[in-house]
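S.K.: Encoded as structure tokens, here's the structure I'll be asking about.
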Amino acid sequence: MQTDLALARLVGECREAMRPFPITPTDDDTLHCTIEMVADTTADKITAEERDELATALREHLTGAGPLEVTAGSPVANRAGAFLDLSPDEGLVDLKERVRAAIREVRGHGALLHDGGRPHMSLGYAWAEASSDTLQTALRRISPSHTPFHITELRLLDVLFQQGPRPGGQTAWELSWESVATIPLAHGSTNTRP
């Protein structure tokens with residue numbers, strides 16, 4: 001698909017701009033837009049039955065949602081790393097509210113501890129201090145700085161954070177995950193389990 005190639009090109013140019021900076025880039029397997037996270041416990045403490053219950057609730061709440069066409073970009077640098085802004089917000093906000101409703105139904109209000117900010121796609125996470133102004137200048141030179149793409153599924157993931165080595169004896173958090181369930185986004189779909 002043309003938009004997937006354009007997104008890959010934009011992400012690749014952003015990674016090149018980030019190369020001189022102390023940022024752990026997301027690789028193709030961890031490039032993502034977090035819709036919501038279960039924040040009342042860690043993945044290793046959630047039972048298989050609780051995962052199944054959450055996947056079922058997500059399927060029910062996402063019936064009739066999506067797919068979405070979203071624009072990624074322009075790239076933004078901040079103290080946490082770099083990301084692509086995502087817009088328009090409306091479809092993503094609706095998706096987030098549906099996911100939040102499913103989480104509340106299964107795990108209660110205490111499982112939602114933050115709002116996650118504006119929709120974005122994480123490009124990488126900072127592991128030491130550097131000038132975000134200098135990185136933003138490098139990212140600003142990328143043209144085109146945005147591209148449309150489609151969100152056609154939502155994945156329920158077990159996320160693992162672990163420390164990994166960095167230059168100078170430093171460490172940084174690294175992100176990995178295992179897919180628990182994939183829910184297709186299709187108007188009028190029944191979202192049956194794969």
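A short reminder: the numbers here are calculations on the coordinates, not readings from a lab. Bear in mind that the values here come from a model prediction, so they are computed numbers and not experimental data. No Cβ is skipped: glycine too gets one built from the backbone with ideal geometry, and neighbour counts run over all protein chains shown.
S.K.: When a/c is below 1.5 the answer is rounded, else prolate if a/b is larger than b/c, else oblate, so apply that to the stretch 72-187 with a ≥ b ≥ c taken from the square roots of the Cα gyration tensor eigenvalues.
M.R.: It is oblate, given that a/c is not under 1.5 and a/b is not larger than b/c.
S.K.: If you don't mind, there's one more thing I want to ask. Rank Val106, Thr26, Asn78 by how far each Cα sits towards the positive end of the charge dipole of the stretch 2-184 (+1 on Lys, Arg Cβ; -1 on Asp, Glu Cβ) and give me just the farthest.
M.R.: Value computed over the given set: Asn78.
S.K.: Considering the values (1) 8, 30, 29, 20, 10, 2, 0; (2) 9, 38, 42, 11, 0; (3) 8, 32, 35, 20, 4, 0, which represents P(r) over Cα pairs in 10 Å bins from 0, in percent as calculated for the structure under consideration?
M.R.: The value matching this structure is (3).
S.K.: Where the centroid of each part is defined by its Cα atoms, how far is the stretch 130-183 from the stretch 1-66 in Å?
M.R.: Taking the Cα centre of the stretch 1-66 as reference, the centre of the stretch 130-183 is 9 Å away.
S.K.: Moving to a separate point now. In debye to the nearest 20, how big a dipole does the chain give about its Cα centre with +1 on each Lys and Arg Cβ and -1 on each Asp and Glu Cβ?
M.R.: On the way: 18 positive and 28 negative charges, 88 e Å.
Value, rounded to 20: 420 debye.
S.K.: Select from Ile35, Thr47, Leu62 the residue farthest towards the positive end of the dipole of the stretch 1-116; place +1 on Cβ of Lys and Arg, -1 on Cβ of Asp and Glu, and compute about the Cα centre.
M.R.: Ile35
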